[in-house]
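Working notes, structure below.
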Amino acid sequence: MKKILLYILLSLSVFSYAQEKKFKVILDAGHGGKDPGAQKNGCIEKLIALDVVLRIGKILEAYPEFDIKYTRTTDVFIPLKDRAKMANDFEADLFVSVHCNSSVSPKPYGAMTLVMGLSRAGMNFEIAKAENAVISLEENYKEKYEGFDPNNPNTQIGLRIMQEETLMQSIDFASSVQSYFKNSLQRKDLGMHQQPLWVLDATVMPGVLIELGFLSNLEESRYMKSEEGKSNYSQIIARSIIEYKNNLKGTNTIPNTLDIKEPIIIEPEVVVVTSDSSTVANSTTIEAVPAGSGYKVQISFSAKKLELIPENFNGLNNITVAEINGGYKYYYGEGSMEICKKLLAEAKLKGYKSAFIVESK
Ligand SMILES: [Zn+2]
């Protein structure tokens, strides 16, 4: 509790100090020990969450500007309120909790992130206030906390402002994670949600809870359990954390290049529709891409089927689509690696920042 206060005082009064100190991230693997979380298709949530969290930490620990702490590094049970307390005691700059989703139906799949619920936006403030009120019972508290008075309305306003800022920062981070899930990992984007969650509400720093995917969906559970899946998830989350820190601190830590492999998904027949043939309204010609014709640039993956017109693709022409597992991969152009590098640069300029080159089969 003392540390929460010191954190608040430091961030309010000694701003420059905050820029020099390490960026503290607390990584929280959901569940653990007697609480396994979701168990479906031979997967146990607590184990996947821990595996992914340890990988995220390993990536970030390579950067000296990060200070990483874990709520657990083994399969142990930790009550929610202890997780929040650990984050607060650590004076973390960001709280990242990793979970897996599950549903009674095997159908739903996709990734989502949760941030603190708006409906209880005053929650942290109340907790912080209640915690701080105890200070006045401590000996010499006036000297210890340099005149900090938990009952002073100005102090409370300070807490409330931080509250709103942390929510906005949480939303920033969550939307970055979602966009990576969607564009780089080609996961179905279930979006960012605001939901009251004790573990998030009780932390005083920006925090998100990431649901990697649905263990109840066979294909997604296979992906989550696979080496590639876990490696991809952790790289994406680590990268989002680095970028979040860079944006916040105005520094520029260069993230490792992503080593993302195509998701292991049992793909049904791939149907390629070319935009060139869409001149006839509502009629699309289905044709196979000639084998060995080289490469193409994947610009996005979407659950929605879009008409292949430039207006739908930030002005890009020559878009093709492949239908995979009920989702649609959109590609820009096709040709040799050299041509595709140019196309890739063009696509990025048009706003497809996570576009990448794939072999055209
Ligand atoms: Zn969970």
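State whether the residues of the stretch 25-35 include one that is in contact with a Phe, Trp or Tyr (Cβ under 8 Å, 6 or more places away or on another chain) and over 25 Å from PHE214 (Cα atoms).
Yes, the stretch 25-35 contains at least one residue that is in contact with a Phe, Trp or Tyr (Cβ under 8 Å, 6 or more places away or on another chain) and over 25 Å from PHE214 (Cα atoms).
Scan the strands (runs of 3 or more DSSP E) fully inside the stretch 24-124 and keep the ones with 2 or more residues being away from the ligand (no atom under 16 Å from the Cβ) and either in the same structural domain as SER184 (by TED's automatic domain parsing) or among the small types (Gly, Ala, Ser) (or both).
66-70
Name, by its number, the condition in (1) modelled with pLDDT of 95 or more; (2) buried (at least 19 other Cβ atoms within 10 Å of the Cβ) that does not hold for THR74.
Of (1) modelled with pLDDT of 95 or more; (2) buried (at least 19 other Cβ atoms within 10 Å of the Cβ), only one is false for THR74: (2).
Go through the residues of the stretch 207-215 one by one and say whether even a single one is over 19 Å from LYS188 (Cβ atoms) and in the same structural domain as ASN183 (by TED's automatic domain parsing).
Checked the stretch 207-215: at least one residue is over 19 Å from LYS188 (Cβ atoms) and in the same structural domain as ASN183 (by TED's automatic domain parsing).
When you look at ILE44, is it surrounded by 15 or more Cβ atoms within 10 Å (Cβ to Cβ), at pLDDT 95 or above and of a type in the set (A, V, I, L, M), yes or no?
Yes; evaluated as a whole, the condition is true for this residue.
Here are some residues: LEU80, LEU167. Which one is modelled with pLDDT under 85 and under 26 Å from LYS182 (Cα atoms)?
Among LEU80, LEU167, only LEU167 is modelled with pLDDT under 85 and under 26 Å from LYS182 (Cα atoms).
Which condition number in (1) out of contact with any helix residue (DSSP H, G or I) (no Cβ under 6 Å at 6 or more places or on another chain); (2) modelled with pLDDT of 75 or more; (3) among the aliphatic types (A, V, I, L, M) is the one that ALA291 fails?
Going through (1) out of contact with any helix residue (DSSP H, G or I) (no Cβ under 6 Å at 6 or more places or on another chain); (2) modelled with pLDDT of 75 or more; (3) among the aliphatic types (A, V, I, L, M) one by one, ALA291 breaks only (2).
Within the stretch 202-229, count every residue that is closer than 25 Å to ASP172 by Cβ and more than 16 Å from the ligand (Cβ to nearest atom).
Qualifying residue count for the region: 5.
Which ones in the stretch 109-118 are open to solvent by 20 Å² or more (accessible area, probe 1.4 Å) and modelled with pLDDT of 90 or more?
Answer for the stretch 109-118, where residues must be open to solvent by 20 Å² or more (accessible area, probe 1.4 Å) and modelled with pLDDT of 90 or more: just TYR109.
The values are calculated or read from the model by the stated rules, or taken from the named source; none is laboratory data. Predicted model, so just to flag it, every value in this text is computed and none were measured. Virtual Cβ from ideal backbone geometry, glycine too; neighbours counted across all protein chains shown. In case anyone asks, the SASA skips ligands and DNA or RNA and just uses the protein heavy atoms, side chains included. Shrake-Rupley method; radii C 1.70, N 1.55, O 1.52, S 1.80 Å.
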